[in-house]
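The values are calculated or read from the model by the stated rules, or taken from the named source; none is laboratory data. Everything quoted here is computed from the prediction, not taken from an experiment. We place every Cβ from the backbone using ideal geometry, glycine too, and count neighbours over all the protein chains shown.
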């Protein structure tokens with residue numbers, strides 16, 4: 001690992017000098033320096049790269065929840081005349097809380113809002129998740 005870190009520190013020094021002297025044209029050589037400097041030293045070292053910072057058993061439920069919420073948020077965002085992202089970030093948590101406070105049945109809300117069956121299940125799960133969070137079980 002020491003030769004790899006040494007190469008990276010040299011690249012960092014070069015980047016610092018390029019920035020200090022404003023010689024931006026030298027940046028085009030950095031990829032060659034990095035690739036040639038790291039290639040030989042990194043072979044057969046057991047270095048692994050992961051795009052995500054968390055392991056898959058932690059990430060899988062997050063991806064699954066996002067996938068199931070996508071359809072529900074699309075329908076509700078369309079009704080609210082806003083983007084799915086905005087609705088999910090700003091309106092959805094409050095909507096869930098209002099539904100819980102007023103003890104609204106998710107099936108009844110879905111019929112009123114013309115949501116499909118998958119959206120009803122997702123809404124019920126999100127309401128249950130919020131209910132558990134309120135009780136301090138999460």
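State which residue is modelled with the lowest pLDDT when the search covers only region 43-71 and only residues that are assigned to a helix (DSSP H, G or I) and exposed (fewer than 10 other Cβ atoms within 10 Å of the Cβ). Outline the logic, then answer.
Initially, region 43-71 is screened for residues assigned to a helix (DSSP H, G or I), giving 56-71.
From what's left, exposed (fewer than 10 other Cβ atoms within 10 Å of the Cβ): 56-57, 61.
Working: 56: 81, 57: 87, 61: 90.
Top of the filtered list is 56.
Keeping to region 1-28, report how many residues are assigned to a helix (DSSP H, G or I) and closer than 28 Å to residue 48 by Cβ. Explain how you work it out, then say what you get.
So in region 1-28, the residues assigned to a helix (DSSP H, G or I) come out as 2-21, 24-28.
Going one step further and asking which of them are closer than 28 Å to residue 48 by Cβ, we end up with 2-15.
Result for region 1-28: 14.
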